[in-house]
Amino acid sequence: MIRRLALLTLLLLLLSQMLTVAAQESTYTGTLDDSEAEFKLEVELRAGESLAAVVRATSGTLDTLLTLLDSTGQLIISNDDRTLIDLNSAIGYSSEEGGLYTLILSRATWRPTAGEYVLTIRIGDRSVLTSLALAPDTVRLSGPTQTRETEHFRVLYTRQGADAVEPTYLDLVEETLEWAWQQEVVELGWPAPIIPMASRIDVYLMDLIDEDGEFGSILGVNHGDFSMGDNPATPDVVEAGSASIIRLDNDYAEFADEYDPDVWLRATVAHEFHHSIQRGYDALEPMRWYMEATAEWISTLVVPEDIVSYGRIEENYRYPHICFGAFDLQNMGLMYGDWPFMAMLDLHYGAAVPFQLWENIARYDGFEALERLADSLDTTLPDMLAEYRLRNLLRDYPFAERFGRVSVWSSDTLQRPGRLSGYGMQELGVNYVTVELPPDLYEVTVESDDNPLELWAVGIRNRIGSLYRLGETGFIDTRPHDDLFLMVFNPSYDDNLGVCEYASYTLQTRRVTETIAQPVADETRLVPFFRLPS
């Protein structure tokens, strides 16, 4: 009898454990439009529980956005597009301590959309995250699928229909994929990506590019499979690493008249393969700019003739007032065009720093990864961004000769003492102001009702740049410089890159006497590639 009771107790205990880990699934349907802009749901997770949420638009033009907030209202993770060719959204999250969370389903903010949706939520142990996986067999080619394998990749292609691949191109793809592995993993030292159970990374060759070859077409796509776990190749244990699949165009022939298709292939492979490396660190990082800026920078390192990356800088130089890391505006590639920020980390702080950043991204979400990096370097995140904005003005990069005629946009010209109302800028954004005051010594003050702003002065003479950190007020002397500029910098920021707010300001300028000490530059630099702002 005692043995039976013991056995019964054991069975009840096992049943209790099974019930504890059993996934709970809920489905919600509705419509998002101007009258109902979002759907909110409170979700309680116990310590160690995971959440997987997937939303699918079922009608209209709906472009979804999923966001998860903690109990204090702070952003944990968000996802706009599940892939570059999918407007639906999916997020996964594992709670270490448990707590009450808010899941928000809304419309993507950059354009008006509306339609019906189906939202599915699964809560359970970490295995629920596998429901977020993008099954490779959902990728349909225009003809029978054939495969060829290299050491690290499996290439899936067809010889029929719109996706048809020529044998010579297939050979080039195989060679280029292994070249990217050699360049990024072996030569540059990035950790190898997570390899899926098939023991190779799947690469699909498809007709991705518009017939007219219009710039902005999808050149390549990288999908994470959302099967979370550690990456043995990373220095530290990671929790949200995942394998990935890659899609490449089947010929890049649309660019043949103007550009070498081989360059497009190598640049795209370098970019998309680095996304595989990044997903080995963290497949759930909510700030997509980390991924795109790093992948573009890596592409320029291994493909110096990569015209795509250099072309993307123009939009960022034209809109320096937009908040750093912002979602794209009207399909502008701002996240891609900020790749010189990663180059700045390498040039200014050391070659190991970009690696340290990605190790932080594996541990922390959003700007916290960059904050902790800055702290380890005895600086601050705003100071890092100020350095980046100054380098953009000066075109202070060894590769800037490839920028062509591109220079930053000057929002105002200061021609006389007195009051000047500024254009304004968003978080971590700047206004560059051209100074054309008569030769003399001046005091300049920036005033803002929104939040404290910072002033920098930059003088140019004989290809020497002199940098002056003025704070909210300081002195400038127009006489020692051929060209002089003010940089008005907004050091405020938060993790909500979907909503960026402007800070307005005024500049107060007055002449001062010679008895005041002459301004002394905090730093001087040789700037051979400087070009006057546009």
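Okay, here's what the table says:
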quantity	calculated
Residues satisfying the stated conditions in segment 158-169, i.e. under 16 Å from W264 (Cβ atoms) and aliphatic (A, V, I, L, M)	V165
E187 vs. criteria of a type in the set (D, E), at pLDDT 95 or above and either crowded, with 17+ Cβ neighbours inside 10 Å or touching a strand residue (DSSP E or B) at 6+ places or on another chain (Cβ under 9 Å) (or both)	no
Unmet requirement for D494, which otherwise passes all of (1) more than 17 Å from A386 (Cα to Cα); (2) among the acidic types (D, E); (3) in contact with a Phe, Trp or Tyr (Cβ under 9 Å, 6 or more places away or on another chain)	(1)
Scope segment 240-292; condition basic (K, R) and buried (at least 22 other Cβ atoms within 10 Å of the Cβ); matching residues	R247, R266, R279
Total residues in segment 320-337, condition closer than 14 Å to V406 by Cβ and at pLDDT 95 or above	1
Failed criterion for I516 (all others in (1) over 37 Å from the mean Cα position of the chain (by Cα); (2) among the aliphatic types (A, V, I, L, M); (3) within 25 Å of S421 (Cα to Cα) hold)	(3)
Identity of the residue in segment 55-95, of a type in the set (V, I, T) and modelled with pLDDT of 85 or more, that ends up nearest to G498 (Cα to Cα)	T67
Failed condition for C323, given (1) surrounded by 24 or more Cβ atoms within 10 Å (Cβ to Cβ); (2) touching a residue at least 60 places away in the same chain (Cβ under 8 Å); (3) not charged (D, E, K, R); (4) not in a helix (DSSP H, G or I)	(1)
Pairs, first aromatic (F, W, Y) in segment 496-519, second assigned to a loop (DSSP other than H, G, I, E, B), C-beta under 6 Å, six or more apart	Y502/G424; Y502/Q426; Y505/G422; Y505/S448; Y505/L453
Tally of residues being in a strand (DSSP E or B) and either loosely packed, with under 13 Cβ neighbours inside 10 Å or modelled with pLDDT under 95 (or both) across segment 476-516	2
Cβ pairs under 8 Å, 6+ apart, first in segment 357-379 and closer than 15 Å to T234 by Cβ, second assigned to a loop (DSSP other than H, G, I, E, B) and of a type in the set (K, R)	A369/R363
Members of segment 96-130 that are surrounded by fewer than 19 Cβ atoms within 10 Å (Cβ to Cβ) and modelled with pLDDT under 85	E96, A108, T109, W110, R111, P112, R126, S127, T130
Count of segment 341-369 residues which are under 14 Å from L385 (Cα atoms), aromatic (F, W, Y) and more than 15 Å from the chain's Cα centre (by Cα)	1
Residue match in segment 29-42 (condition: at pLDDT 85 or above, outside the structural domain of D495 (by TED's automatic domain parsing), closer than 28 Å to I361 by Cα and touching a helix residue (DSSP H, G or I) at 6+ places or on another chain (Cβ under 8 Å))	no
Residues that are among the acidic types (D, E) and surrounded by fewer than 19 Cβ atoms within 10 Å (Cβ to Cβ), drawn from segment 329-358	D346
Yes/no for L301 being under 30 Å from G424 (Cβ atoms), in a helix (DSSP H, G or I) and either in contact with a Ser or Thr (Cβ under 6 Å, 6 or more places away or on another chain) or outside the structural domain of P491 (by TED's automatic domain parsing) (or both)	no
Single residue of segment 215-224 satisfying the filter (in a loop (DSSP other than H, G, I, E, B) and either crowded, with 22+ Cβ neighbours inside 10 Å or among the aliphatic types (A, V, I, L, M) (or both)) that is modelled with the lowest pLDDT	I218
The lone exception for P519 - which of (1) surrounded by 20 or more Cβ atoms within 10 Å (Cβ to Cβ); (2) of a type outside the set (F, W, Y); (3) in contact with an Asp or Glu (Cβ under 9 Å, 6 or more places away or on another chain) it fails	(1)
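The values are calculated or read from the model by the stated rules, or taken from the named source; none is laboratory data. The structure presented is a predicted model; accordingly, all values stated were derived computationally and were not measured. Backbone-built Cβ (ideal geometry, glycine too); neighbour counts: all protein chains shown.
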